[in-house]
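Contents: one structure, followed by commentary.
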Amino acid sequence: MSKLWGGRFTKKTDQLVEEYTASIMFDKELAEEDIEGSLAHVTMLGKQGILPVEDVETIKAGLQRVLERVKAGDIEFTIGDEDIHMNIEKALIDDVGSVGGKLHTGRSRNDQVATDMHLWLRKRVVEFVDMLYKLQSALIEQAKANADTILPGYTHLQRAQPILFAHHMMAYVSMFGRDIERLQDSYKRINVLPLGAGALAGTTFPIDRHFVASQLKFDRVYENSLDAVSDRDFILEFLSHASIIMMHLSRLSEELIMWSSTEFNFVELDDAFCTGSSIMPQKKNPDVPELVRGKTGRVYGNLMGLFTVLKSLPLAYNKDMQEDKEGMFDTVKTMQGALQLFAPMVATMKVNKDRMRQAVNQDFSNATDIADFLVGKGMPFRQAHEVIGKTVLYCIQQNKYLLDLTLDEFKQFSELFDDRIYDVLQPEQVVNARNVYGGTAKPQVLEAIARAESAAEATAAWVIEYTERSN
């Protein structure tokens, strides 16, 4: 069959050109959205009297049959028909005859493909909010189960101050909460209709773009036809948010990998999320977080790739923009895999509370509290800092920890020390002394968990509402 656009040409397209320029290998992912948009478009053509009612009904019935074939995997997409739009249109014409060619009245593939991507991506955004909500829920449950578990907190990967394990988990709940907010905010820029912009300048037909927007549950339409067909900001924004999400997952992955090592032994990942070695039978490898950490780079690459594609493009549509899809599809697939695994992996993770406590007892992470103790007795903080630095050095030289020192040993560094120093140095006291909003004290952490659970309930309600809007 000749090309649907072939009237102007006197030669067949070179086979290598067809193979190089075709996008059907990847944009077939948009098949259902393409038909969804076409159904709304042809309904509008009938409403406006642009097409006869009988033609509209014939086309709609044909599109429904094509949709059923797509869902059943019963359509063979071909490179000869270039892209998803022309493959679907050809399938429609094969089904209903030449009347199917009227479907394209008043639109271009330029505004059609943009519409498809808006429809496709808004569904994915809602799905990712739901996945992040599930991951938050798993982290919150770990926090609730470990509201009394103390572990070393780190800066520079050096022991810093004792914190609650629950506090550490809630830090990631906060991170993923920001990710959820970013995705939710991006929805309003994704949920804008480009259809009706034509190739770049609109159309001479008396279309009703706002009617199509209401049919497809878009909140608004693009105000400028040039912008409508050339805008890919909504994809860049999604890829940026996805990169931040993957960065957060990668940071958590790194900690799970370290914590599950023999050197730390703070946690044990469930066997279902680990693999073994082909040569070393004792091994239990944290492959899932390792691979998530590794795949973060490809998501970053997809973002930078699209930035580079778009950086010098004149308005409006250019063939370069065909490169907007594969990175988006790949990012979605990559992040889906990571988030689907992360929530159950966190939920089934075993926390070695005794090992964490042992680690806290064998470090100097309570040193700051001695300085605060001396400050409370009137010593300037800078002087107290120097006193405790010398005290820690003495402990290192004597192979002792702070709680091992006698009161006489403390007093050789300052006469302000008294018996209360031993209470001050207890890990529970060190943790609970930080009883400020956002701090690691148990009352503050429990309040943070309560706030997070309330926010999670709101997220779950948002997912229900916007799943309905997007489908």
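Given the criteria in contact (Cβ under 8 Å) with a residue 60 or more places away in the chain, outside any loop (DSSP other than H, G, I, E, B) and more than 30 Å from Asn146 (Cβ to Cβ), does Phe218 qualify?
no
For the stretch 202-219, give me each residue that is closer than 20 Å to Arg189 by Cβ and among the β-branched types (Val, Ile, Thr).
Val212
I need the full set of residues from the stretch 20-52 which are part of a helix (DSSP H, G or I) and over 24 Å from Lys217 (Cβ atoms), in order please.
Within the stretch 20-52, Tyr20, Thr21, Ile24, Met25, Phe26 meet the criteria.
Answer with yes or no whether Lys28 is surrounded by fewer than 20 Cβ atoms within 10 Å (Cβ to Cβ), under 32 Å from the mean Cα position of the chain (by Cα) and not assigned by TED's automatic domain parsing to the domain that holds Lys12.
Considered against the rule, which asks whether it is surrounded by fewer than 20 Cβ atoms within 10 Å (Cβ to Cβ), under 32 Å from the mean Cα position of the chain (by Cα) and not assigned by TED's automatic domain parsing to the domain that holds Lys12, Lys28 comes out as no.
Which of the residues belonging to the stretch 335-348 are surrounded by 18 or more Cβ atoms within 10 Å (Cβ to Cβ) and out of contact with any Phe, Trp or Tyr (no Cβ under 8 Å at 6 or more places or on another chain)?
Ala338, Phe342, Ala343, Val346, listed by residue number.
Could you name every one of the helices (runs of 4 or more DSSP H) located completely within the stretch 370-439 that has at least 3 residues being among the polar types (S, T, N, Q)?
In the stretch 370-439, the matching helices (runs of 4 or more DSSP H) lie at 381-398.
Going by the structure shown, is Lys319 under 42 Å from the mean Cα position of the chain (by Cα) and surrounded by 18 or more Cβ atoms within 10 Å (Cβ to Cβ)?
Answer is no for this residue.
Any residue at all in the stretch 230-251 that is of a type outside the set (D, E, K, R), modelled with pLDDT of 95 or more, over 29 Å from Lys134 (Cα atoms) and touching a Ser or Thr at 6+ places or on another chain (Cβ under 8 Å)?
Checking the stretch 230-251: not a single residue is of a type outside the set (D, E, K, R), modelled with pLDDT of 95 or more, over 29 Å from Lys134 (Cα atoms) and touching a Ser or Thr at 6+ places or on another chain (Cβ under 8 Å).
Among the residues that make up the stretch 401-420, is at least one of them farther than 30 Å from Ala171 by Cα and β-branched (Val, Ile, Thr)?
Yes, the stretch 401-420 contains a residue that is farther than 30 Å from Ala171 by Cα and β-branched (Val, Ile, Thr).
Anything in the stretch 415-434 that is surrounded by 14 or more Cβ atoms within 10 Å (Cβ to Cβ), out of contact with any Leu (no Cβ under 6 Å at 6 or more places or on another chain) and under 21 Å from Leu393 (Cα atoms)? List them, or say none.
Listed by number, the residues that qualify are Phe417, Ile421, Tyr422, Val424, Gln426, Pro427, Val430.
Considering only residues that are buried (at least 18 other Cβ atoms within 10 Å of the Cβ) and more than 31 Å from the chain's Cα centre (by Cα), which ones fall in the stretch 435-471?
Residues satisfying the conditions do not exist here.
In this structure, is Ala460 within 30 Å of Glu36 (Cβ to Cβ), at pLDDT 95 or above and not assigned by TED's automatic domain parsing to the domain that holds Leu402?
yes
So which of Val309, Val332, Val351 ends up being among the aliphatic types (A, V, I, L, M), at pLDDT 95 or above and buried (at least 21 other Cβ atoms within 10 Å of the Cβ)?
Unique residue meeting the criteria: Val332.
What single numbered condition from (1) buried (at least 24 other Cβ atoms within 10 Å of the Cβ); (2) not in a helix (DSSP H, G or I) fails to hold for Ile59?
(2)
Looking at Ser240, Ser250, which one is assigned by TED's automatic domain parsing to the domain that holds Asn285, part of a helix (DSSP H, G or I) and more than 23 Å from Thr467 (Cα to Cα)?
The conditions single out Ser250.
Filter the stretch 71-85 for residues that are surrounded by 21 or more Cβ atoms within 10 Å (Cβ to Cβ) and outside any loop (DSSP other than H, G, I, E, B); which is farthest from the chain's Cα centre (by Cα)?
Result: His85.
How many residues, within the stretch 360-391, are surrounded by 15 or more Cβ atoms within 10 Å (Cβ to Cβ) and without any contact (Cβ under 8 Å) to a residue 60 or more places away in the chain?
Looking only at that region, the number is 12.
Go through the stretch 2-57 and count every residue that is more than 30 Å from Met328 (Cβ to Cβ) and at pLDDT below 95.
7
I need every pair where a residue in the stretch 71-100 that is assigned by TED's automatic domain parsing to the domain that holds Asp27 and at pLDDT 95 or above has its Cβ under 6 Å from the Cβ of a residue that is part of a loop (DSSP other than H, G, I, E, B) and not small (Gly, Ala, Ser), sequence separation at least 6 or different chains.
Pairs that qualify, where the first residue is assigned by TED's automatic domain parsing to the domain that holds Asp27 and at pLDDT 95 or above and the partner is part of a loop (DSSP other than H, G, I, E, B) and not small (Gly, Ala, Ser), are Ala91/Ile75.
I need a count of the residues in the stretch 269-289 that are assigned to a loop (DSSP other than H, G, I, E, B), farther than 19 Å from Ser250 by Cβ and touching a residue at least 40 places away in the same chain (Cβ under 8 Å).
1
Would a scan of the stretch 142-152 turn up a residue that is without any contact (Cβ under 8 Å) to a residue 60 or more places away in the chain and buried (at least 21 other Cβ atoms within 10 Å of the Cβ)?
Within the stretch 142-152 (the criterion being without any contact (Cβ under 8 Å) to a residue 60 or more places away in the chain and buried (at least 21 other Cβ atoms within 10 Å of the Cβ)), the answer is no, since none of the residues qualifies.
The values are calculated or read from the model by the stated rules, or taken from the named source; none is laboratory data. Owing to the predicted nature of the structure, the values given are computational and were not obtained by experimental measurement. All Cβ positions, even for glycine, are placed from backbone atoms using ideal geometry, and neighbour counts span all protein chains on display.
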